[in-house]
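Structure first, then comments.
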Amino acid sequence: MSSRTLIGSAVVPIRLVFLMWLAFAVDFLYGYDLAIFGIFPRSIIGAIGIVTAPLIHANPVHLLSNTVPLLFLGPTLFFYYHKIASAVFLRCYFITNLLVWFFARPYLHIGASGLVYGLASFLIFFGFFRRDFLSLIISVIVLLLYGSIFYGILPANSNISWESHLAGGVVGMVTAVQFRRKRI
């Protein structure tokens, strides 16, 4: 019998959100420009952003727009799919950022939206590919709550990293296909 709890399932997302808010506080309170640690595609120095970019946000609205979904999607992933959750989370974090580093336009990319898109995409597609009742219910709920994110993969605003959104969406969908037969 599993001893999963909602609080236990929220540990990883809460830690990430804490680091995001800590980075923002350091940036805001001490005047450091942490955006230099974002992803700058195809540059050696910009490769550090593969690890650090999701922790850095431009303003409070940007930070909140990533915090709220991470605090819903992350615990959902870790609670319902605990056996594969770490692998899914790490793929959505690192492979998304790696794709941005390789393929995005030469622009500084910051924020956790690629991860948010990856998690949402995984949770939406996983149920449809897996076809079990619980996974389908989760897919429908996430689709109803976050289905509009798919508009964010279109290049509508030059200040928004639509490339991160697209990469996250693709990584989430591909991961859902690859993990559809794994024990959850």
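Remark: TYR107 matches the filter, which requires a residue to be open to solvent by 20 Å² or more (accessible area, probe 1.4 Å), in contact with an Asp or Glu (Cβ under 9 Å, 6 or more places away or on another chain) and in contact (Cβ under 8 Å) with a residue 24 or more places away in the chain.
Scanning the range 144-165 for residues that are in a helix (DSSP H, G or I) and open to solvent by 70 Å² or more (accessible area, probe 1.4 Å) yields LEU144, LEU145, SER148, TYR151. The residue pairs whose first member lies in the range 76-97 and is at positive phi, whose second member is assigned to a helix (DSSP H, G or I) and of a type outside the set (Val, Ile, Thr), and whose beta carbons are closer than 6 Å, counting only pairs six or more residues apart or on different chains, do not exist in this structure. The helices (runs of 4 or more DSSP H) found wholly in the range 45-96 and carrying at least 3 residues that are open to solvent by less than 10 Å² (accessible area, probe 1.4 Å) occupy 60-80. Within the range 1-25, the set of residues being in a helix (DSSP H, G or I) and loosely packed, with under 13 Cβ neighbours inside 10 Å comprises LEU6, ILE7, ARG15, PHE18, LEU22, ALA25.
Looking only at residues of the range 102-131 that are of a type in the set (Gly, Ala, Ser) and more than 16 Å from LEU154 (Cα to Cα), we find that the one that is nearest to the chain's Cα centre (by Cα) is ALA112. Among residues of the range 27-42 being touching a residue at least 24 places away in the same chain (Cβ under 8 Å) and not hydrophobic (A, V, I, L, M, F, W, C), the one that is most open to solvent (accessible area, probe 1.4 Å) is ARG42.
For residues in the range 100-150 being of a type outside the set (Gly, Ala, Ser) and in contact with a Cys (Cβ under 6 Å, 6 or more places away or on another chain), which is nearest to ARG183 (Cα to Cα)? Filtering the range 100-150 for residues that are of a type outside the set (Gly, Ala, Ser) and in contact with a Cys (Cβ under 6 Å, 6 or more places away or on another chain), the one nearest to ARG183 (Cα to Cα) comes out as LEU119. Flag not set for VAL140, criterion: surrounded by 21 or more Cβ atoms within 10 Å (Cβ to Cβ), out of contact with any Phe, Trp or Tyr (no Cβ under 7 Å at 6 or more places or on another chain) and within 20 Å of GLY74 (Cβ to Cβ).
The values are calculated or read from the model by the stated rules, or taken from the named source; none is laboratory data. Owing to the predicted nature of the structure, the values given are computational and were not obtained by experimental measurement. Every residue, glycine as well, gets a Cβ built from its backbone with ideal geometry; the counts of neighbours run over all protein chains shown. Areas reflect the complete protein model, heavy atoms only, side chains present, ligands, DNA and RNA absent. Shrake-Rupley method; radii C 1.70, N 1.55, O 1.52, S 1.80 Å.
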